[in-house]
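A.B. asks: Please see the structure below; I have some questions.
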Amino acid sequence: MHDVFGGANATAIPVTKILDNNTFYGGMFVADDPLTLGPDRDSGPVGTGRGTYTFPSQNDFVLEMVYNLRFAHGGYNGSSLCLLGNISPASIVNEVAIAGGTGVFRFARGYAVAKRIVLDFKAQLVVRELNVYVSHY
């Protein structure tokens, strides 16, 4: 997933004012990110990742992620998975829950491991690799 936080091609934009520059408390971003086969944006589309990131803590630099992986190709076309959990932006690896799904992922549950591959402040870019472990009916 490719989060671009600025510029003409931003995929994640702020929708609230950040109240604390240390924890980003009060901040909320809306994301509409491309999902690709690999870390390169041109590696082939899988779908889109859409959702919100909120910074709910007054004491810690942590964000809460409510994010849907919407698949647009192959056997999963039209299906989605809902990810929910807390992420520490300072950590390279984070784990979030799979709270459900649609299409072939109905009644889904499991978890996803998000590994930060790219953190480029100048380009305002974060790229994460998602490894998804899911059970569904």
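A.B. asks: Just to verify a result, which residue in segment 1-14, among those that are in a loop (DSSP other than H, G, I, E, B) and touching a residue at least 24 places away in the same chain (Cβ under 8 Å), is surrounded by the fewest Cβ atoms within 10 Å (Cβ to Cβ)?
C.D. replies: The initial filter retains those residues of segment 1-14 that are in a loop (DSSP other than H, G, I, E, B), namely 1, 5-11.
Next, only the ones that are touching a residue at least 24 places away in the same chain (Cβ under 8 Å) stay: 1, 5-7, 10.
Details: Met1: 23, Phe5: 16, Gly6: 12, Gly7: 10, Ala10: 15.
Filtering first and then ranking leaves Gly7.
A.B. asks: On to the next question. Of everything in segment 55-67 that's surrounded by fewer than 18 Cβ atoms within 10 Å (Cβ to Cβ) and of a type outside the set (A, V, I, L, M, F, W, C), which residue is farthest from Leu19 (Cα to Cα)?
C.D. replies: So, considering only residues that are surrounded by fewer than 18 Cβ atoms within 10 Å (Cβ to Cβ) and of a type outside the set (A, V, I, L, M, F, W, C), the one farthest from Leu19 (Cα to Cα) is Glu64.
A.B. asks: Moving to a separate point now. Do you know which of the residues in segment 65-75 that are more than 17 Å from Val30 (Cα to Cα) and modelled with pLDDT of 95 or more is nearest to the chain's Cα centre (by Cα)?
C.D. replies: Going through the qualifying residues, I end up with Phe71.
A.B. asks: A further question follows. Quickly run through segment 1-54 and pick out the residues that are over 11 Å from the mean Cα position of the chain (by Cα) and of a type in the set (Lys, Arg).
C.D. replies: Correct list: Lys17, Arg41.
A.B. asks: Continuing with this model, one more query. Which strands (runs of 3 or more DSSP E) does segment 26-137 wholly contain that include 1 or more residues that are free of Cβ contacts under 8 Å to residues at least 12 places away in the same chain and among the hydrophobic types (A, V, I, L, M, F, W, C)?
C.D. replies: Details: elements: 28-36, 45-54, 63-71, 80-87, 93-102, 109-120, 125-135.
Qualifying strands (runs of 3 or more DSSP E): 109-120.
A.B. asks: Taking the conditions exactly as written (surrounded by 14 or more Cβ atoms within 10 Å (Cβ to Cβ), in contact with a helix residue (DSSP H, G or I) (Cβ under 8 Å, 6 or more places away or on another chain) and among the hydrophobic types (A, V, I, L, M, F, W, C)), does Val113 satisfy them or not?
C.D. replies: On the way: surrounded by 14 or more Cβ atoms within 10 Å (Cβ to Cβ): yes; in contact with a helix residue (DSSP H, G or I) (Cβ under 8 Å, 6 or more places away or on another chain): no; among the hydrophobic types (A, V, I, L, M, F, W, C): yes.
Here the answer is no, as Val113 does not meet what is asked.
The values are calculated or read from the model by the stated rules, or taken from the named source; none is laboratory data. These numbers were taken from a predicted model, which means no experiment stands behind them. Please note: Cβ atoms are built from the backbone with ideal geometry, for glycine as well, and neighbour counts cover all protein chains shown.
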